[in-house]
Structure formats: C-alpha cells, structure tokens
1. Given a 1.4 Å probe, how much area per residue of the range 82-201 is accessible, in Å²?
2. Can you compute the label reach from ASP186? Point 7 Å from Cα along the Cβ direction, backbone N cut-off under 14 Å, restricted to the range 143-161.
3. Work out Dmax and Rg for the range 48-171 from the C-alpha atoms and quote the Rg first, both in angstrom.
4. On average over all directions, what projected area in square nanometres does the range 149-201 have, based on the convex hull of its Cα atoms?
5. Around ALA170, under 15 Å between beta carbons, what's the net of Lys plus Arg minus Asp minus Glu among the other residues?
6. Carbon and sulfur: what percent of the range 90-201's accessible surface (1.4 Å probe)?
Amino acid sequence: MATRDNVYSSVIFWLKIALPLLALVILSTLFLFSRRIDTEASLPYAEVDIDTLARDQRLTAPEYTAVTTDGAALSVSADIARPSQGEGSASAEQLVAAYETRDGLRIDLTAAAGELDRAAGRLLLSGGVVIVTSEGYRMITAGLDGALDRTELVSDGEVEADAPFGRIEAGGMEISHSDAGMPGYDLVFNKGVKLIYEPVN
C-alpha cells in the first residue's frame with residue numbers, strides 16, 4: 001500500500017514539473033513559427049471625399065407624411081433630398097407622392113424632381129409629372145403645384161389625359177375639394193379643352 005502511494009506521489013511530482021515546461025515549449029514554438037506581420041502595408045479604407053460630403057448635404061430615401069384639412073392622407077418620398085435655401089424646404093429627385101382621401105379616392109404622383117416647402121405649405125413637382133387617379137384618369141404635365149395642408153393640385157402648363165371615356169388635351173388642370181360640407185372632389189380641365197370621345201363597345 002505504501003509502495004503504491006510512493007509511486008503516485010512521484011508521478012504527481014514529475015507531472016508538476018513536466019507540464020509547465022511542455023506549455024512553455026508550445027508557446028515558444030508558436031512565437032518562433034508565427035507569420036511576420038507587414039506593418040508597412042497600407043490598411044484598406046473607403047475612398048470618400050470628405051469635402052464633397054460636407055458641401056453636398058443630402059438624405060437618402062426620405063419620407064414625409066401628413067393629413068390634410070379635408071382628411072386625406074398625404075405621403076411623399078424620394079430617392080434623394082437636399083436642403084434648400086428656405087427654412088423647412090428641400091429639393092428632391094425621383095419623387096413619388098400620393099393623396100388618399102376619406103372618400104376612397106387615391107391620387108398617385110411621380111416626377112423626376114420636386115421641392116417640398118413646409119413653410120409655404122406647397123409641393124412643387126417638375127421634370128415631367130404623371131398623375132394617376134383611382135377613378136381611371138392618367139394625366140401627364142410638365143409641372144404641378146400641390147398643397148400640403150389640403151387636397152389641391154394645379155398643373156403648370158398643358159395636360160394630356162387618358163380618361164375612362166376617351167382622351168383629353170387641355171391648357172390646364174385642377175383637382176380640389178371645393179366644399180368641406182360635401183363629399184367628393186372636383187377634377188377640372190380648363191384653358192382650352194379638346195376631347196376625343198372613345199365610346200366603350
């Protein structure tokens with residue numbers, strides 16, 4: 001029994017010496033054969049012109065939402081927006097807007113460019129504007145002046161429209177909610193109107 005205890009004690013004694021030495025050998029081997037790091041190699045970085053970013057302030061995919069006084073939900077979004085000179089105004093590229101009224105009418109607008117002026121309460125679209133309504137009208141005009149606080153859209157120049165009953169060409173167009181006490185919205189073509197009637201067969 002005593003011999004067995006002596007052997008066990010001897011093994012433990014030598015293991016206490018051998019294991020730390022083995023650990024030192026492994027660590028030194030790691031350092032000896034580790035790959036040399038090239039400290040002179042340049043670190044990868046993004047090529048960003050800080051001065052250009054500071055001058056060209058912009059927002060990517062901005063969104064604006066509001067509710068007009070006649071209860072229509074207004075939403076405006078764009079690919080890029082930049083602050084304009086006026087307070088609370090911004091210019092935008094590839095602009096998309098929509099008026100959705102309580103009566104179920106929806107007016108979708110798309111334009112190449114535009115400006116949202118919250119101080120004046122106006123949405124100015126330019127660069128070719130496409131207007132599509134849920135009533136089946138599709139209109140194209142060069143520019144459009146819209147209100148942010150109410151459903152009011154006025155074309156800036158001539159309008160070409162495809163209607164459920166034919167084709168319309170006019171010098172101007174307006175969409176508005178004329179009577180707050182009455183449901184419905186008015187779509188008015190003016191300044192010389194040409195109608196090509198196409199009856200449904």
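1. Roughly 55 Å² per residue, with all protein chains present.
2. Under cut-off, by backbone N: 151-154.
3. For the range 48-171, the Cα radius of gyration and maximum Cα-Cα distance read 15.6, 56 Å.
4. So the mean shadow area of the Cα hull is 4.7 nm².
5. Computed value for this residue: -3.
6. Heavy-atom surface of the range 90-201 belonging to carbon and sulfur, 1.4 Å probe: 50 percent.
The values are calculated or read from the model by the stated rules, or taken from the named source; none is laboratory data. Values in this document were obtained by computation on a predicted structure and should not be read as measured data. Using ideal geometry, Cβ is built from the backbone for each residue, glycine included, and neighbour counts are taken over all protein chains shown. Only protein heavy atoms, including side chains, enter the accessible area calculation; ligands, DNA and RNA are left aside. Shrake-Rupley method; radii C 1.70, N 1.55, O 1.52, S 1.80 Å.
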